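Below: one structure, written as structure tokens.
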Amino acid sequence: MRFGILGWGKIARTQLAPAIAEAGHTISAVGSRVPAARELPDLPGAAWCSYEAVLADPAVDAVYIALPNHLHVPWTLRALQAGKHVLCEKPMALSVAEVDAVQSAAHAAGRHMQEAYMVRHHPQWQMLRELPLGALRSVQVGFAYDNRDADNIRNRVDWGGGALWDIGCYAVFAGLWLFGSEPKSCRLQSVLHPQWGIDIHSHGELIWADGAVLQFEVSTQSAAHQGVRVVGERGWAELAVPFNAPSQALVRQALDGGGTAQAATELRLAPVNQYAAMVTRFAAAALAGEPTDLHESRAIADVLARLRQSAGL
């Protein structure tokens, strides 16, 4: 499959472009706000052009969108209307209505569209869902980094910036992935940056009908860390690096009643590039003509909207 890329930021350069190549596909064009007449390093033959030119290029079958959050839906809709399959960075949409608009556009265009949650393609997440932990009682999610650059797109409130949109979406994904349904209730407390207006620290709680709880803390101005801990009736498990997973992930688990940390065993999984696995799955679905199904994206958008409403964001 021949890919075009909209946006040449860090994730496109360091993760998706290499993943597309590793998955056995090619990049025909890269769109930029200020295209220059030059060759892209490590992408021989790829055109460096405007966003519009990428969508008009007949040599492009599918588009990966890595633009700021507020541009995801407008350019996804334009790409679908141009007859391209679309893989869009998370969060794909900033409202449920936007998800519904994309679903309708994909159906009308007869093209496949996916939201780029690469973590769902890593075997550590599949393993976490399949471990014999018994009925799940609680999940704790932590994710933070330190970004104090006022010009960074993640710090622009009008561009869909802030901790909840950027990394809190992973906590919501984790809850839907592990419990298989939306929570009954949710609440959020946030600390806003005094000048930028984005949430720089957010603490949330999702509660399911059976009393199971997911608690999370996300921050864009804290020491970098991440982790997921799941506790069930018969055991517990932890993912050491759940989101920016290394090629060889580590899972800690204590089954048969759980126990202290000393009771845990460690499992190192076979190496995998979760981005390449995502591209492989996306391309296979697009080439097979699978219809677009955004029910999970819609659920994530709905929970994020409920969280934001509870915090007055």
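The values are calculated or read from the model by the stated rules, or taken from the named source; none is laboratory data. Computed from a prediction, not measured in an experiment: that's the story for all the values here. Here Cβ is always computed from backbone atoms with ideal geometry, including for glycine, and neighbour counts include all displayed protein chains. Note: accessible area is taken over every heavy atom of the protein model, side chains too, but ligands, DNA and RNA are not part of it. Shrake-Rupley method; radii C 1.70, N 1.55, O 1.52, S 1.80 Å.
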Any idea which residue in segment 104-126 is farthest from Leu16 (Cα to Cα), counting only those that are open to solvent by 20 Å² or more (accessible area, probe 1.4 Å) and either in a loop (DSSP other than H, G, I, E, B) or in contact with a strand residue (DSSP E or B) (Cβ under 6 Å, 6 or more places away or on another chain) (or both)? Gly110
Quick count over segment 189-210, residues being open to solvent by 30 Å² or more (accessible area, probe 1.4 Å), under 15 Å from Asp151 (Cα atoms) and touching a helix residue (DSSP H, G or I) at 6+ places or on another chain (Cβ under 7 Å), is 2
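Here's a check for you: in segment 19-29, which residue that is open to solvent by 60 Å² or more (accessible area, probe 1.4 Å) and out of contact with any strand residue (DSSP E or B) (no Cβ under 9 Å at 6 or more places or on another chain) is nearest to Ala62 (Cα to Cα)?
Going residue by residue through segment 19-29, those that are open to solvent by 60 Å² or more (accessible area, probe 1.4 Å) are 21-22, 24, 26.
Restricting the remaining residues to those that are out of contact with any strand residue (DSSP E or B) (no Cβ under 9 Å at 6 or more places or on another chain) gives 22, 24.
Values: Glu22: 16, Gly24: 14 Å.
The extreme case among them is Gly24.
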The lone condition Ala150 fails out of (1) at pLDDT below 95; (2) under 19 Å from the mean Cα position of the chain (by Cα); (3) not acidic (Asp, Glu) is (2)
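In this structure, is Gly7 at pLDDT 95 or above and either crowded, with 18+ Cβ neighbours inside 10 Å or over 25 Å from Ile167 (Cα atoms) (or both)?
Against the criterion (at pLDDT 95 or above and either crowded, with 18+ Cβ neighbours inside 10 Å or over 25 Å from Ile167 (Cα atoms) (or both)), Gly7 does not qualify.
Determine whether segment 252-262 contains at least one residue that is among the β-branched types (Val, Ile, Thr), in a loop (DSSP other than H, G, I, E, B) and surrounded by 13 or more Cβ atoms within 10 Å (Cβ to Cβ). Walk me through how you get there before you give the answer.
Going through segment 252-262, the residues among the β-branched types (Val, Ile, Thr) turn out to be 260.
Next cut, in a loop (DSSP other than H, G, I, E, B) only: 260.
Filter again for surrounded by 13 or more Cβ atoms within 10 Å (Cβ to Cβ), leaving none.
Checked segment 252-262: no residue is among the β-branched types (Val, Ile, Thr), in a loop (DSSP other than H, G, I, E, B) and surrounded by 13 or more Cβ atoms within 10 Å (Cβ to Cβ).
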Condition met for Ala163 (out of contact with any helix residue (DSSP H, G or I) (no Cβ under 6 Å at 6 or more places or on another chain), of a type in the set (A, V, I, L, M), in contact (Cβ under 8 Å) with a residue 24 or more places away in the chain and open to solvent by less than 10 Å² (accessible area, probe 1.4 Å)): yes
Checklist (1) touching a Phe, Trp or Tyr at 6+ places or on another chain (Cβ under 9 Å); (2) open to solvent by 40 Å² or more (accessible area, probe 1.4 Å); (3) over 30 Å from Leu313 (Cα atoms) applied to Leu71, failing item: (3)
Note on segment 282-301: residues more than 15 Å from the chain's Cα centre (by Cα) and buried (at least 16 other Cβ atoms within 10 Å of the Cβ) are Ala283, Ala285, Ala286, Thr292
Failed item, numbered, when Ser185 is tested on (1) modelled with pLDDT under 95; (2) small (Gly, Ala, Ser); (3) open to solvent by 10 Å² or more (accessible area, probe 1.4 Å): (1)
Of Arg38, Arg78, which residue is among the basic types (Lys, Arg) and at pLDDT below 95? Arg38
Is it fair to say Arg229 is open to solvent by 10 Å² or more (accessible area, probe 1.4 Å), outside any helix (DSSP H, G or I), modelled with pLDDT of 95 or more and closer than 30 Å to Leu94 by Cβ? yes
Would you mind telling me which numbered condition in (1) in contact with an Asp or Glu (Cβ under 7 Å, 6 or more places away or on another chain); (2) open to solvent by less than 10 Å² (accessible area, probe 1.4 Å) Val96 fails? (2)
